[in-house]
């Protein structure tokens with residue numbers, strides 16, 4: 001079934017068998033996260049909602065929808081609607097098209113008039129977005145405008161100020177300015193989708209006039225996929241690692257047989273060029289924070305030699321892990337996952353060999369396995385699958401590769417030193433532990449959505465949620481940043497407690513696995529306790545809610561000296577730590593407040 | 001293509017789209033006879049029939065169809 005949701009999609013099956021597919025997706029044995037999605041449409045949205053549901057379910061997100069009445073998007077947003085208010089959306093998706101633009105220029109308009117129209121049109125949308133942000137404070141996904149498939153002014157339609165195409169282009173620019181100025185506001189690039197699908201087919205007038213769909217039926221899964229990519233990215237369900245095969249995946253030929261001089265990569269021949277372009281794209285993925293690894297059946301020596309090909313773009317240094325051996329690839333995959341301390345279901349496996357892909361599929365790790373068919377399609381296949389959809393590019397994303405590399409160096413140091421304590425001391429760790437600060441809000445929200453393993457409550461929060469906690473007098477919020485001699489790990493831990501009388505109830509307690517076993521959790525608890533005591537608290541109440549991924553912290557509170565208060569039949573447990581007489585754990589970390 | 005083969009294929013499509021293997025479709029079947037066959041599902045049905053028979057309906061055809069029999073006639077016209 002996975003292949004249906006892989007680019008290029010099996011559109012026909014998605015539409016024809018949507019009812020059956022939905023049942024199958026819901027029947028899978030996974031824990032869905034539920035999200036309330038309000039779809040505010042400027043045209044018919046029913047099929048979009050049905051297809052979006054399938055794509056989200058496929059990403060482990062179980063949506064509940066609110067749909068505005070036909071074309072009531074603006075009224076719903078501006079004048080309120082009890083049903084929508086009660087629905088209290090987690091995400092708002094606004095589906096509008098060029099047909100929702102109220103006035104478009106004509107040839108009789110002057111430049112000034114057109115500028116004024118642009119201002120008015122822009123205002124029409126910005127007041128609505130402002131209102132939604134103010135009222136719901138949740139992520140908003142807004143379609144940009146596609147353009148009509150016909151051009152009254154022919155080629156001039158795009159360049160002349162009286163052209164509809166020109167006007168729409170300028171209006172889109174205003175939309176992007178708004179997106180850049182507002183966190184939590186995301187543009188769904190319909191303009192690209194329509195172009196890529198073929199504008200004429202996309203805007204088949206039959207679907208508008210018959211059913212008031214702004215796009216043709218066959219294009220709906222592409223639109224749904226695009227929205228779903230944004231939603232799953234917001235909720236931390238992006239893939240994190242691209243694991244590549246080498247022979248006939250990153251270069252043409254087999255390095256073990258053909259030798260380094262014999263493999264195809266580089267500018268000399270068309271086959272070499274197409275592999276170069278693919279390598280360049282992968283290198284760019286690294287620049288947006290995607291981790292790269294190699295999983296190849298090769299002698300390591302040959303693999304490294306291939307990656308050092310003078311015309312190659314990717315070098316051994318670009319990969320956080322290289323497994324080139326004769327082990328089965330599913331075993332290698334598990335080894336990479338445990339080395340990086342990342343869930344294997346956040347991996348993408350790129351391999352040209354259908355048999356290797358099938359073996360990986362059979363292993364049933366939840367690894368994404370794109371169909372790498374023909375080298376000229378590789379790049380597009382990876383790109384269109386939206387594995388690494390960017391909704392926020394934090395400075396942390398940009399330096400992630402360096403952080404994982406530093407981790408490898410730490411591991412080497414650990415092996416060279418006698419005791420683990422000596423190792424920790426030798427790291428010269430410095431932590432900054434403070435109340436939430438505006439510059440870290442984005443990262444903190446990201447952590448609440450991305451951390452699965454060391455996460456006691458798995459409470460997912462938007463940036464708005466985090467800001468509310470920060471501003472509320474009832475919450476004690478701390479973030480922890482950890483640096484050592486190999487580099488800065490950035491913000492790695494978040495704890496939030498709610499003050500209820502003399503008890504501090506822990507709503508959030510999480511830590512990035514990249515700093516596991518470094519004493520950071522001790523540093524966080526020491527700080528939390530000291531702040532709680534200054535606040536006049538008498539005890540801390542900890543909660544653990546089990547998920548399929550957070551088993552590693554099942555006994556966390558016990559290890560930290562809490563007493564169990566109760567546990568229910570689902571394994572949800574409550575713990576208490578008395579602050580009076582707390583012995584600080586004093587890890588080998590210098591704490592900066 | 002024989003008329004009864006077209007009808008059979010249409011029945012198969014309708015069963016898929018409404019996810020009900022027990023549906024029996026005849027020339028006289030109308031939308032009201034099938035649970036869930038509203039204007040929205042109708043679009044999917046038309047699209048799926050177009051794909052299956054590799055044909056394109058004209059807008060005036062889609063507007064005019066009253067029952068499955070007429071739909072089958074339209075398909076047969078284009079296929080032949």
Checklist outcome for this item: Cβ density ranking, 10 Å radius, fewest first, applied to A:492, B:63, A:553 yields B:63, A:553, A:492
Item to check | Size of chain A as Cα extents on the principal axes (Å, biggest first) | outcome: 80, 70, 48
Next on the checklist: What's the whole-number percent of alpha carbon pairs in region A:1-124 lying beyond 19 angstrom?
Outcome noted: 60 percent
Checklist entry - Across 10 Å bins from the origin, how do the percents of Cα pairs in region A:476-593 run, short distances first? => result 12, 46, 33, 8, 0
Item to check | Tensor-based shape of region A:244-311 (alpha-carbon gyration tensor, a/c under 1.5 rounded, otherwise prolate or oblate) | outcome: oblate
Checklist entry - How would you classify region A:322-443 from its alpha-carbon gyration tensor, with a ≥ b ≥ c the square roots of the eigenvalues: rounded for a/c under 1.5, else prolate if a/b is greater than b/c, otherwise oblate? => result oblate
Checklist entry - Add -39500 (n - 2.57) for each DSSP H run of 4 or more in chain A, then divide by its residues: what number comes out at 222 nm, to the nearest 500 deg cm²/dmol? => result -12500 deg cm²/dmol
Checklist outcome for this item: From fewest to most C-beta neighbours within 10 Å, the residues A:106, A:448, A:13 line up as A:106, A:13, A:448
Next on the checklist: What number do you get for region A:497-547 when its Cα radius of gyration is normalised by 2.2 N^0.38 Å, N = residues?
Outcome noted: 1.24
Checklist outcome for this item: Scattering profile of region A:87-164 from the Debye formula, Cα beads only, expressed as log10 I(q)/I(0) at q = 0.13, 0.15 Å⁻¹, is -0.52, -0.64
Next on the checklist: Debye calculation, C-alpha points only, no solvent: report log10 I(q)/I(0) for chain B at q = 0.14, 0.18, 0.21 Å⁻¹, in the same order as the q values.
Outcome noted: -0.39, -0.68, -0.96
Item to check | Antiparallel DSSP beta bridges within chain A, percent to nearest 5 | outcome: 45 percent
Checklist entry - At 222 nm, what helix-only mean residue ellipticity would chain B give, in deg cm²/dmol to the nearest 500, using -39500 (n - 2.57) for each DSSP H run of four or more? => result -18500 deg cm²/dmol
Item to check | Peptide-level mean, for B:34-44, of C-beta atoms on other protein chains within 10 Å | outcome: 3
Next on the checklist: Taking each residue in B:62-69, count the Cβ atoms of any other chain within 10 Å of its Cβ, then average. What number comes out?
Outcome noted: 1
Checklist entry - Counting every Cα pair in region A:434-496, what percent are over 19 Å apart? => result 28 percent
Checklist entry - Mind checking Rg over Rh on region A:410-566, alpha carbons, Kirkwood formula for Rh? => result 0.97
Checklist entry - Once Rh for region A:130-256 is found with the Kirkwood sum over Cα pairs, what is the Stokes-Einstein diffusion coefficient at 37 °C and 0.692 mPa s, in µm²/s? => result 186 µm²/s
Checklist entry - Taking the simple approach of a point 7 Å from Cα along Cα-to-Cβ for both residue A:358 and residue A:593, what is their distance in nm? => result 6.4 nm
Checklist entry - In which sequence would A:459, A:175, A:223 go, from the one with the fewest C-beta neighbours within 10 Å to the one with the most? => result A:459, A:175, A:223
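No lab work stands behind these numbers, since they all come straight from the coordinates. Since the structure is predicted, the reported quantities are computational estimates derived from the model, not experimental observations. Using ideal geometry, Cβ is built from the backbone for each residue, glycine included, and neighbour counts are taken over all protein chains shown.
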